[in-house]
1. Putting +1 on Lys and Arg Cβ atoms and -1 on Asp and Glu Cβ atoms, find which of Ala29, Val123, Trp101 reaches farthest to the positive end of the dipole of the chain.
2. How would you rank Met83, Met144, going from fewest to most other Cβ atoms within 10 Å of each one's own Cβ?
3. Need one number: % antiparallel among DSSP beta bridges in segment 50-153, to the nearest 5.
4. Relative to the present Cα-Cα distance, how much length would full extension add between Glu121 and His36 at 0.36 nm per residue of separation?
Amino acid sequence: MRIPPRPERDPNHFVTVLLVSPLADDHEALAEIFAHTNWRLTSALTIERASAALRTGRHSLVICERRLLNGTWEDLLERTRNMPSQPLLIITSLQPDNHLWAEALNLGAFDVLPKPFERQEVVHVVSFAWLHWRNQRRQREREMEALGRAACG
C-alpha cells in the first residue's frame, strides 16, 4: 500500500518552524519537544540551506543558534527581511547575556530562547511568536485589501 505524501501546511493555520543550528543536541531536543505538539519542525545546518528552505514560504518562525558554522543569526535575519511573508526569528544561546537580548530585540529578532531547552518555555515562546506573526500577516493583508479598494474606487 502506497502512503500519499503529506500535504503542505499553510503557515496561516499551522505552526511551521525552521531550526537553524550546527548543534545536533539542538535538533534532538526540539524534535522531542515538537513531537508532543501538532507543530512542524524542519532543520538546516547552514544559512544557505536555511535560505533555500525559507524561500518556500512555508515557515512562519525560525529558531536560530546564536553562532552558526558560516555566519550568525544577524546574517540570517538580514536574509529574511525582504521575504513576502517574513518569518519571525528566535535566537538560542547557552548563556544569553543582556547584550544579546538588547541587540536581538533592537535588530528585529522576536525573542531569545535560553538553552538547555525547557519544554514549557519553548511552547510558550513558539506559541506567542506564531500568534504575533499571524496577526501581523493578517494586518498586512487587510491593509493591502484597503489599498486595492481605494485604487479601484
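1. Val123
2. Working: Met83 13, Met144 10.
Ranking Met83, Met144 by Cβ neighbours within 10 Å, fewest first, gives Met144, Met83.
3. Antiparallel bridges make up about 20 percent of those DSSP assigns within segment 50-153.
4. Working: separation 85, 0.36 × 85 = 30.60 nm, distance 1.41 nm.
Residue separation times 0.36 nm, minus the Cα-Cα distance, leaves 29.2 nm.
Read-outs throughout are calculated quantities, based only on the coordinates presented, and are distinct from any laboratory measurement. These numbers come from a predicted model, not from an experiment. Heads up, the Cβs are rebuilt from the backbone with ideal geometry, glycines too, and the neighbour counts pull from every protein chain shown.
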